[in-house]
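S.K.: For reference, the structure I am asking about is given below.
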Protein chains: 2
Amino acid sequence: MSTAPRGGIRVLIVDDHAMFRAGVRAELGSTVDVVAEAADVDEAVAAIAEHKPDVVLLDVHLPGGGGAEVMRRMPPAMAADGPRFLALSVSDAAEDVIGTIRAGARGYVTKTITGPELVDAIKRGSENDAVVSPRLAGFVLDAFAGTIEISAVDEDLDRLTEREREVMRLIARGYAYKEVARELFISIKTVETHMSSVLRKLQLSSRHELTRWASDRRLL
Amino acid sequence: MSTAPRGGIRVLIVDDHAMFRAGVRAELGSTVDVVAEAADVDEAVAAIAEHKPDVVLLDVHLPGGGGAEVMRRMPPAMAADGPRFLALSVSDAAEDVIGTIRAGARGYVTKTITGPELVDAIKRGSENDAVVSPRLAGFVLDAFAGTIEISAVDEDLDRLTEREREVMRLIARGYAYKEVARELFISIKTVETHMSSVLRKLQLSSRHELTRWASDRRLL
DNA sequence: TACACCATCGGGGGAACCCCTGATCGCGCC
DNA sequence: GGCGCGATCAGGGGTTCCCCCGATGGTGTA
């Protein structure tokens, strides 16, 4: 830990609006050491590799895949001693917060934050503490405890009929066709028909892939 | 929401030490409405049903299963408008924090907290905000992002040989026997033998159950 | 009324899965 | 040397999975 040099915490600002970057830079003043700026995902990845900042202020909505994409592109070697990511977004939507935290951000603050608060957040981030406003942290806790589904990515799921969804859920949980049939009071052959439709509609080829698909989507 | 009456937030204190409960009650004073106390899991569950508090201050280490057990015993009907749980513990260990949050707590503070801070935490909790100290929140975020495994429950896993673990991992990911054989440069029959051992040792009966077992344990 | 869609069920077949009983070889241990 | 254990492989067999073909009846819609 404690890669922070005497002079100040090395910070990279990633945002697609130059005006906003300038604003942040001005607010931070000399309390931290802004080593670079980046306007999209590619620039951000390159800047991190070149300047090795302690903390990256990361806009969530970004050309080239969004802030989460930047974190996903970090080489595994950087996992331990790489930069800490602090999401800085206008959005306070649960999906954005959860997605960003899941991608590896150490914190998430909205752009309504004041200068001193941001400095404090950066400081905490550099010490590997988490900085999430209580209101937004509630979303993360709910997601973590499994209270809410991440939902949203359900376009494929919508194409399934009600019955197909029931069968799909049981199959994904590891039920055998026979067990599904007994559970739903239908014949094995009907289960096979539904499964056939499910696999075709979801463009999968086996129940094993379905299991992974469902577990990725947290439908279990 | 907003079940809080004018008079104050209704609070239940759960801790096995009477002395500590008295201390908390004294610190809170008249800022909130302490409706009851409980010393173990059973008492806590009963007190919640009877007094319907807004916030439950919950000790993590508790006779009868621990604070997480109390939350697990809540009837599903209470999920939406039931009490908010705020863990109050001497422990700042990652396992305790993660386990408690996963069980459904809205917050986690250590017993070093001051009276006014606790009042503030209770207030935030009653508004469904999350209250976790930045240092501890880091643990939760790590766990959420999958950086650390919850580990610990590996007694079963230890009984597998090295080769069996390799086979298990691939099978759990959805590989067919044939694919596993090709991947490890062994015969299908050998894969079958290993799988047979794996299922026997883990007391499972099919690859589907294995998939679930592994995904529950985050071994994928 | 005709058509599309859904849920239900069947036969048949090839591949995959899982278990059983074997076997050989190498390694470490008493 | 004997003994246990892990890794490798084989034959055989019953079950399950997944797909192909087909069918019936109900519902909502153009």
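S.K.: Please list, in chain and number order, the residues 5+ apart from A:K111 or on another chain whose amide H is under 5 Å from its amide H, with Hs placed from the backbone.
M.R.: Close amide H contacts, sequence-distant or interchain: A:S89, A:V90.
S.K.: To continue, here is another question. Excluding residues fewer than 8 places away in the same chain, name every one of the lysines whose C-alpha is closer than 19 Å to that of B:K52.
M.R.: Output for B:K52: B:K123.
S.K.: Sticking with this structure for a sec: Top mean-square fluctuation among B:G23, B:G125, B:G107, Gaussian network model of chain B, C-alpha springs under 10 Å?
M.R.: For chain B, modelled as a Gaussian network with Cα springs under 10 Å, the answer is B:G23.
S.K.: Could you tally the net charge around B:V45, taking each other residue with its Cβ under 12 Å from the Cβ of B:V45, Lys/Arg +1 and Asp/Glu -1?
M.R.: That sum, taken over residues with Cβ under 12 Å, equals -3.
S.K.: On to the next question. Residue by residue through region A:107-115, which ³J(HN,Hα) values in whole Hz follow from phi under the Karplus form 6.51 cos²θ - 1.76 cosθ + 1.60 (θ = phi - 60°), with glycine and proline marked x?
M.R.: x, 8, 10, 8, 6, 7, 5, 8, x
S.K.: Moving on to the next point. Given contacts defined as C-alpha pairs under 8 Å and at least six residues apart, what's the relative contact order of chain A, whole-number percent?
M.R.: With pairs under 8 Å counted, the relative contact order is 14 percent.
S.K.: Can you put A:R182, A:R212 in order of Cβ neighbours within 10 angstrom, beginning with the fewest?
M.R.: In increasing order of surrounding Cβ atoms, one gets A:R182, A:R212.
S.K.: Next question. Specify which residue in the list B:V60, A:L204, A:H17 is farthest towards the positive end of the charge dipole of the protein assembly as shown, using unit charges on the beta carbon of Lys, Arg (+1) and Asp, Glu (-1), about the Cα centre.
M.R.: Of B:V60, A:L204, A:H17, it is A:L204.
S.K.: Place the label 7 angstrom along Cα→C-beta at A:D42 and in each other copy, then list the distances from the first to the rest in nm, shortest first.
M.R.: Here the equivalent label points are 6.8 nm apart from this one.
S.K.: Mind checking the angle between helix B:162-172 and chain B's longest principal axis? C-alpha axes, 0 to 90 degrees, to the nearest 10.
M.R.: The helix B:162-172 is inclined about 70 degrees to chain B.
S.K.: Ranking A:L160, A:L58 by Cβ neighbours within 10 Å, fewest first, what do you get?
M.R.: A:L160, A:L58
S.K.: About its Cα centre, what dipole magnitude does region A:156-211 give when the only charges are +1 on Lys and Arg Cβ and -1 on Asp and Glu Cβ, stated in debye to the nearest 20?
M.R.: On the way: 11 positive and 9 negative charges, 24 e Å.
Computed charge dipole of region A:156-211: roughly 120 debye.
S.K.: Additional query: Charges at C-beta only: +1 for Lys and Arg, -1 for Asp and Glu. How large is the resulting dipole of chain A about its Cα centre, in Debye rounded to 20?
M.R.: So the magnitude is around 820 debye.
S.K.: Of B:V180, B:I113, B:T100, whose Cα points farthest to the positive end of the dipole of chain B (charges on the beta-carbon: +1 Lys, Arg; -1 Asp, Glu; origin at the Cα centre)?
M.R.: Positive-most Cα among the choices belongs to B:V180.
S.K.: To make sure I understand, if each residue's beta carbon is the centre and we count other beta carbons within 10 Å, what order do B:V131, B:V35, B:V180 fall in, fewest to most?
M.R.: Details: B:V131 26, B:V35 17, B:V180 23.
Ranked by crowding around the Cβ, least crowded first: B:V35, B:V180, B:V131.
S.K.: Additional query: Which distances, in nm and shortest first, link the A:S206 label point to the same label point in every other copy, taking 7 Å along Cα→Cβ?
M.R.: Those separations, rounded to one decimal, come out as 1.5 nm.
S.K.: Dipole of the protein assembly as shown, Cα-centred, from +1 at each Lys and Arg C-beta and -1 at each Asp and Glu C-beta, to the nearest 20 debye?
M.R.: Approximately 1240 debye in magnitude.
S.K.: I need to check one value: relative contact order of region B:46-126, counting alpha carbon pairs closer than 8 Å and at least 6 residues apart, in percent.
M.R.: Details: 96 pairs, mean separation 26.3, N = 81.
Once divided by the residue count of region B:46-126, the mean separation gives 32 percent.
S.K.: Would you look at the GNM of chain A, springs on alpha carbons closer than 10 Å, and say which of A:T193, A:T114, A:T100 moves the most?
M.R.: A:T193
Read the figures in this text as sums done on the coordinates, not as results from a lab. Remember, it's a predicted structure, so these values are computed and weren't measured experimentally. Cβ: placed from backbone, ideal geometry, glycine included. Neighbour counts: every protein chain shown.
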